[in-house]
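Reading through the structure tokens given below for one structure.
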Amino acid sequence: MSEFAALFLGAAVLVLYGAVSRRQVASYLTGPMLFVAIGAAAGFVLQNGGPRAADISHIRLLGELTLAIVLFTDSAHLKPKHLLQEESWPARMLFIGLPLVILSGAALAYVLFPGWPLWLAVLAGLILSPTDAALGRFILEDQDVPEPLRETLNAESGLNDGFALPPILILLALAGGGMGLAYDESALTLARHLVLGPLCGVVIGFSGGKLIDYAARRGWMQPLYQRLAAPALAVLAYAGAELIHANGFIAAYVAGLMIPLTVCLSAQKYLKEFSQTEAELLTLIMFFLFGLLIVPLGAEAWSGTMVLYALASLTIIRVLPIMASLTGTGLGWRSKGILAWFGPRGIASILYLLLAFETLGPGNAFTELAGLVSLTVLLSIYAHGLSAVPLARAYAAHAERIELPLRRARKKPE
């Protein structure tokens with residue numbers, strides 16, 4: 001398929017889906033579902049000579065910029081009070097549930113794929129650990145679902161991609177040296193990533209946020225530019241860190257964390273509008289390219305064992321650790337089940353796979369990894385997208401009995 005044919009098809013899908021986006025059908029047929037389906041159909045049917053791993057290099061820069069912006073906007077929406085509360089469900093899910101999800105995913109991959117080295121199994125567990133709450137957007141927007149649950153899903157999704165990033169970078173740095181990297185060299189590289197990256201993010205995020213806040217409060221900054229400040233700061237942090245040989249993705253994520261601490265609420269509103277429009281466009285483009293390039297490539301490695309792993313990844317690997325992390329919170333099994341099930345794998349897993357391609361390059365290791373990740377993400381897009389409406393409505397039927405205990409659970413004892 002030529003570049004212009006891909007552009008034409010992607011733009012046509014965007015216009016057609018937008019035309020019915022406010023209809024009830026949009027609740028069941030989500031944007032990612034449609035864009036991946038059209039992209040995959042084009043990838044399987046229209047590509048000449050079949051998919052090649054080298055084709056993925058063509059979207060590297062777009063993938064990197066999208067990842068930086070997604071990390072920035074996700075962390076910029078965080079409300080720190082949600083994690084500081086003693087009974088905070090997001091904190092339990094992140095600090096107890098997430099490590100268990102990663103370890104479970106890595107262990108199962110190592111058992112099911114005996115030809116894989118340990119580092120590749122761990123990498124698969126890490127890449128498939130972040131969640132994308134937007135894939136089950138209906139439950140986040142349904143006002144009948146108690147707000148604490150919706151806030152928890154949002155907070156977890158906004159943070160876990162950043163939590164998974166440092167170990168992914170460490171593993172890729174070691175893998176890039178054939179696991180035989182000199183100690184001094186690897187230590188220096190990791191120090192730059194894990195020290196200079198966050199430092200760059202703090203400096204740019206804090207100073208940029210203060211500048212936006214100062215200008216917005218005095219009426220110097222038009223709403224349009226308050227909105228555009230989000231991608232500008234994300235790219236500024238990313239590029240600034242890369243210039244000093246630090247990690248730009250960590251810098252972008254940390255810069256986003258500075259926004260709630262420095263920017264007034266009125267300006268934060270415009271920053272949030274960006275994530276709902278321009279950032280949404282970027283993610284839909286990436287879902288289309290995922291279907292167009294990665295799904296056909298990964299399909300070459302699909303097997304019954306991979307189907308088994310993908311199903312386990314969406315169920316027991318995610319559900320059991322999250323439900324265990326919520327033990328002792330007073331939540332009922334329905335509430336725990338909703339929080340555990342709605343951990344879709346989406347844009348972060350796709351972008352981390354592209355990050356792995358930069359290190360691994362085309363080859364058997366990447367093809368196997370792409371097969372596992374693409375199949376899991378593909379199943380998740382449809383399983384979580386289609387289940388969001390019926391599960392939200394079924395859960396909302398119990399909301400009157402559940403919402404009061406939820407609110408009490410969030411309230412500190414006097």
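The values are calculated or read from the model by the stated rules, or taken from the named source; none is laboratory data. The model shown is predicted, which means the values in this text are computed figures rather than measured ones. Every residue, glycine among them, receives a Cβ derived from its backbone with ideal geometry; neighbour counts consider all protein chains shown.
General observations
- Test result for S129, over 20 Å from M306 (Cβ atoms) and of a type in the set (S, T, N, Q): no
- Against the list (1) surrounded by 14 or more Cβ atoms within 10 Å (Cβ to Cβ); (2) modelled with pLDDT of 80 or more; (3) more than 28 Å from F249 (Cα to Cα), the condition A12 fails is (1).
- Checked against (1) farther than 13 Å from A76 by Cβ; (2) in a helix (DSSP H, G or I); (3) not basic (K, R), Y270 passes all but condition (1).
- Residue that is farthest from S349 (Cα to Cα) [pool: residues in the stretch 104-139 that are of a type outside the set (G, A, S), in a loop (DSSP other than H, G, I, E, B) and at pLDDT 90 or above]: P114
- Of all residues assigned to the stretch 249-257, none qualifies as being free of Cβ contacts under 8 Å to residues at least 24 places away in the same chain and either in a helix (DSSP H, G or I) or surrounded by 22 or more Cβ atoms within 10 Å (Cβ to Cβ) (or both).
- Within the stretch 313-338, the residues that satisfy the criterion of being among the aliphatic types (A, V, I, L, M) and in contact with a helix residue (DSSP H, G or I) (Cβ under 6 Å, 6 or more places away or on another chain) are L314, I317, V319, I322, M323, L326, I338.
- Looking across P198, P223, one residue alone is over 15 Å from L261 (Cβ atoms) and in contact (Cβ under 8 Å) with a residue 12 or more places away in the chain. It is P223.
- Members of the stretch 227-248 found to be over 24 Å from the mean Cα position of the chain (by Cα) and either buried (at least 23 other Cβ atoms within 10 Å of the Cβ) or without any contact (Cβ under 8 Å) to a residue 40 or more places away in the chain (or both), listed by number: L243
- When residues in the stretch 282-313 are screened for being modelled with pLDDT under 95 and in a helix (DSSP H, G or I), 18 of them pass.
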